[in-house]
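The block underneath contains the structure these notes are about, expressed in structure tokens.
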Amino acid sequence: MEKPEQLIIFDTTMRDGEQSPGASMTLEEKLRIATLLEKMRVDVIEAGFPIASPGDFEAVKAVAERVKDSTVCALARVAYEDIDAAGQAIKPANSGRIHTFVATSDIHLEQKLRMDPEDVLKQAVAAVKHARKYTDNVEFSPEDAGRSNLDYLCRVVEAVISAGARTVNIPDTVGYNVPEQFAEKIRYLMNNVPNIDKAVVSIHCHNDLGLAVANSLAAIHVGARQVECTINGLGERAGNASLEEIVMAVRTRQDYFNVDTCIDTSQIVPCSKLVSNITGFPVQPNKAIVGANAFSHEAGIHQDGVIKARETYEIMRAQDVGWDTNKLVLGKHSGRAALKQRLEVLGAQFNSAGDLNETFERFKALADKKHEIYDEDLIALMTAVGNESEDEHIQLVDLKVTSEMGTPPEACVSLNIDGETQQASAVGDGPVDATFKAIESLMNSGATLKLYSVNAITSGTDSQGEVTTRLAKDQRIVNGLGADTDILVASAKSYVNALNKLLQGSDRAHPQLSTV
Ligand code: KIV
Ligand code: ZN
């Protein structure tokens, strides 16, 4: 067999993934994710859309400062001010990339941009040339390429390569394609764009029909050499192609794809858990590679086969994707230095002894309630400490819930609201309902509860419950997170966290909903 060619892994969890409703990440959370992605040896990390807000700009810049081995990429529409912000944000990176894009499908040209195709082509070329003033590493995407006219697409791709794009990314923005058709489009571009050999052909597939991974793999099979994907398949609507599925598919079936990646697959599960914790999007148990059931064998006949010879029913080993990285790490008697070292491995950075002291206090309190502390507990602890920022308006002070069979549960909650402690009680259909009603009677937020989910962070009855509460108000959606060994306390914390996020407001621009 020929030597496998390299497939470039471009992770967009912190950009396209962050566009999922409520999945927005703080600067500190982005740094933790970037640290693990770098450790996993992802080639390119798309860290955000710097023009969206000053906070987004700072987050991309901080990632560019922190990451040393992966390329750090920033997204920009074709407007010069977007490109200038992206260029400034990636300046500190050892290796930085600007990714600029504009839509090319008839429907986007006519309905969204209301522009002539020739003018769009000129804008794309000008944008690439402008981006080249900041870096040689420029990527261009014709948005909605999956529904664009192929001959126009060929002309745009040829023109942006001549202008200096070193990667051309073909997005199936709305997840409309099917595998053979998408592969055929990639093949057509590769055969009909005269200078295509001067650029890496990339793909970026959305999962609206559940085909993002299949479409990406079909394109890789015909020659695409960069794939854009996200951890856990996080992303707009039904998500993006999932990194873990693509990496394991090409590794397990190298005989078919004849490509390989630089990914250290043992970091896949830790990274999946981190992203799930930070965004509050749980991973479904039957999700390939990173779902809790992905390597467990229920049926007796399968278990018998696996015991005799693993290969009878397993095509990958659980430990190769990091399932046994979740060992017991710390306990009640662990000291400050051990905690610091472990948290740094998980992507935390402590700028002052004060920062560590606070985290250490929280760790000790947790270790009193739960004797065995796993990486997952530490991840939840860091997210909780990060969530309790100084500009928080509301804090949970106390919660008492009474619940007895046959009588409606009652919750009595005490909140610190802008420095003043206030109490309220409420009855509800269940203890969680009573708790949320008690909080609402103090806050009157007017928000609508869109989702409430509880997940056990580790196994065992002393596990912490991790609760996500999604609230919507005035076109905004936020996810609140809370973790505690008592799931009612975790629920109250997550509700309060969501309210704090709503109160903090947001003036971020969405890259694909505006018409620059
Ligand atoms: O889906 C898409 O088209 C995108 C582009 C910005 C690359 O995310
Ligand atoms: Zn996308």
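The values are calculated or read from the model by the stated rules, or taken from the named source; none is laboratory data. These numbers were taken from a predicted model, which means no experiment stands behind them. Backbone-built Cβ (ideal geometry, glycine too); neighbour counts: all protein chains shown.
Per-residue answers, yes or no, for (1) away from ligand 1 (no atom under 16 Å from the Cβ); (2) touching a Phe, Trp or Tyr at 6+ places or on another chain (Cβ under 9 Å); (3) in the same structural domain as residue 39 (by TED's automatic domain parsing); (4) under 15 Å from residue 171 (Cα atoms):
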| residue | (1), (2), (3), (4) |
| --- | --- |
| 227 | no, yes, yes, yes |
| 235 | no, no, yes, yes |
| 250 | yes, yes, yes, no |
| 263 | yes, no, no, no |
| 270 | yes, no, no, no |
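If I go through the stretch 89-125 residue by residue, how many of them are within 14 Å of ligand 1 (Cβ to nearest atom), among the charged types (D, E, K, R) and surrounded by fewer than 17 Cβ atoms within 10 Å (Cβ to Cβ)?
1
Do you know which of the residues in the stretch 212-267 that are without any contact (Cβ under 8 Å) to a residue 40 or more places away in the chain and of a type in the set (Ser, Thr, Tyr) is nearest to residue 141 (Cα to Cα)?
Ranking the candidates gives 216 first.
What residue, of 64, 76, 86, is in a helix (DSSP H, G or I), under 22 Å from residue 203 (Cα atoms), assigned by TED's automatic domain parsing to the domain that holds residue 141 and of a type in the set (A, V, I, L, M, F, W, C)?
Values: 64 fails: under 22 Å from residue 203 (Cα atoms); 76 fails: in a helix (DSSP H, G or I).
Checking each option against the conditions leaves just 86.
Within the stretch 326-377, which residues are of a type in the set (Phe, Trp, Tyr) and at pLDDT 85 or above?
360, 363, 374
Would you check if residue 487 is β-branched (Val, Ile, Thr) and out of contact with any Ser or Thr (no Cβ under 9 Å at 6 or more places or on another chain)? Give the steps one after another, and end with the answer.
On the way: β-branched (Val, Ile, Thr): yes; out of contact with any Ser or Thr (no Cβ under 9 Å at 6 or more places or on another chain): yes.
So residue 487 fits the description; yes.
Condition check: buried (at least 17 other Cβ atoms within 10 Å of the Cβ) and modelled with pLDDT under 95. Does residue 502 satisfy that?
Working: buried (at least 17 other Cβ atoms within 10 Å of the Cβ): yes; modelled with pLDDT under 95: yes.
Against the criterion (buried (at least 17 other Cβ atoms within 10 Å of the Cβ) and modelled with pLDDT under 95), residue 502 qualifies.
Within the bounds of the stretch 138-146, is there any residue that is of a type in the set (A, V, I, L, M, F, W, C), within 16 Å of ligand 2 (Cβ to nearest atom) and in contact (Cβ under 8 Å) with a residue 40 or more places away in the chain?
Residues of the stretch 138-146 of a type in the set (A, V, I, L, M, F, W, C): 138, 140, 145.
From the residues that got through so far, the ones that are within 16 Å of ligand 2 (Cβ to nearest atom) too are 140, 145.
If we keep only those that are in contact (Cβ under 8 Å) with a residue 40 or more places away in the chain too, we end up with 140, 145.
Yes.
Out of 64, 86, I need the residue that is modelled with pLDDT of 95 or more, under 20 Å from residue 230 (Cβ atoms) and within 16 Å of ligand 1 (Cβ to nearest atom). Which one?
86
Within the stretch 461-510, take every residue that is in contact with a strand residue (DSSP E or B) (Cβ under 6 Å, 6 or more places away or on another chain) and in a loop (DSSP other than H, G, I, E, B) and give me the one that is nearest to residue 111 (Cα to Cα).
464
Quick one: how many residues across the stretch 9-32 are more than 13 Å from ligand 1 (Cβ to nearest atom) and in contact with a Lys or Arg (Cβ under 6 Å, 6 or more places away or on another chain)?
The qualifying residues number 2.
State the number of residues belonging to the stretch 105-116 that are out of contact with any Lys or Arg (no Cβ under 9 Å at 6 or more places or on another chain) and either basic (Lys, Arg) or touching a residue at least 12 places away in the same chain (Cβ under 8 Å) (or both). Steps first, answer last, please.
Taking the stretch 105-116 as the starting set, the residues that turn out to be out of contact with any Lys or Arg (no Cβ under 9 Å at 6 or more places or on another chain) are 109-116.
From what is left, the residues that are either basic (Lys, Arg) or touching a residue at least 12 places away in the same chain (Cβ under 8 Å) (or both) are 112-114.
Adding up the residues that qualify gives 3.
Can you name every residue in the stretch 458-473 that is surrounded by fewer than 23 Cβ atoms within 10 Å (Cβ to Cβ) and either within 20 Å of residue 418 (Cβ to Cβ) or in contact with a Gly (Cβ under 9 Å, 6 or more places away or on another chain) (or both)?
Step one: list which residues in the stretch 458-473 are surrounded by fewer than 23 Cβ atoms within 10 Å (Cβ to Cβ), which gives 458-463, 465, 470, 472-473.
Hits for the stretch 458-473 are 465, 470, 472, 473.
Would you pick out the residues in the stretch 449-466 that are within 21 Å of the chain's Cα centre (by Cα), of a type in the set (A, V, I, L, M) and at pLDDT 90 or above?
Across the stretch 449-466, the qualifying residues are 451, 454.
State the number of residues belonging to the stretch 130-152 that are over 19 Å from residue 173 (Cα atoms), surrounded by 15 or more Cβ atoms within 10 Å (Cβ to Cβ) and not aromatic (Phe, Trp, Tyr). Give the derivation first.
Applying the first criterion (over 19 Å from residue 173 (Cα atoms)) to the stretch 130-152 yields 130-138.
From what is left, the residues that are surrounded by 15 or more Cβ atoms within 10 Å (Cβ to Cβ) are 130-132, 134-135, 137-138.
Those left that are additionally not aromatic (Phe, Trp, Tyr): 130-132, 135, 137-138.
Of the residues in the stretch 130-152, 6 are over 19 Å from residue 173 (Cα atoms), surrounded by 15 or more Cβ atoms within 10 Å (Cβ to Cβ) and not aromatic (Phe, Trp, Tyr).
Being small (Gly, Ala, Ser) and surrounded by fewer than 18 Cβ atoms within 10 Å (Cβ to Cβ) is the filter here; which residues of the stretch 390-427 pass it? It would help to see each step written out before you state the result.
Filtering the stretch 390-427 down to residues small (Gly, Ala, Ser) leaves 403, 406, 411, 414, 419, 424-426.
Correct list: 403, 406, 414, 419, 424, 425.
Which residues, taken from the stretch 186-218, are among the charged types (D, E, K, R) and within 14 Å of ligand 1 (Cβ to nearest atom)? Steps first, please.
To start, the set of residues in the stretch 186-218 that are among the charged types (D, E, K, R) comprises 187, 197-198, 208.
Listed by number, the list holds a single entry, 208.
Here are 76, 86, 23: which of them is crowded, with 19+ Cβ neighbours inside 10 Å, away from ligand 2 (no atom under 16 Å from the Cβ) and small (Gly, Ala, Ser)? Quick ask: steps written out before the conclusion?
On the way: 76 fails: away from ligand 2 (no atom under 16 Å from the Cβ); 23 fails: away from ligand 2 (no atom under 16 Å from the Cβ).
Within the list 76, 86, 23, the selection yields 86.
Among the residues of the stretch 89-104, how many are away from ligand 2 (no atom under 16 Å from the Cβ), over 13 Å from residue 48 (Cα atoms) and either assigned to a strand (DSSP E or B) or not small (Gly, Ala, Ser) (or both)?
Of the residues in that region, 3 qualify.
Considering only residues that are under 28 Å from residue 417 (Cα atoms) and surrounded by fewer than 16 Cβ atoms within 10 Å (Cβ to Cβ), which ones fall in the stretch 369-385?
369
Among the residues that make up the stretch 200-211, is at least one of them aliphatic (A, V, I, L, M) and touching a residue at least 60 places away in the same chain (Cβ under 8 Å)?
Step one: of the stretch 200-211, the residues aliphatic (A, V, I, L, M) are 200-201, 203, 209, 211.
Going one step further and asking which of them are touching a residue at least 60 places away in the same chain (Cβ under 8 Å), we end up with 200.
Within the stretch 200-211 (the criterion being aliphatic (A, V, I, L, M) and touching a residue at least 60 places away in the same chain (Cβ under 8 Å)), the answer is yes, since at least one residue qualifies.
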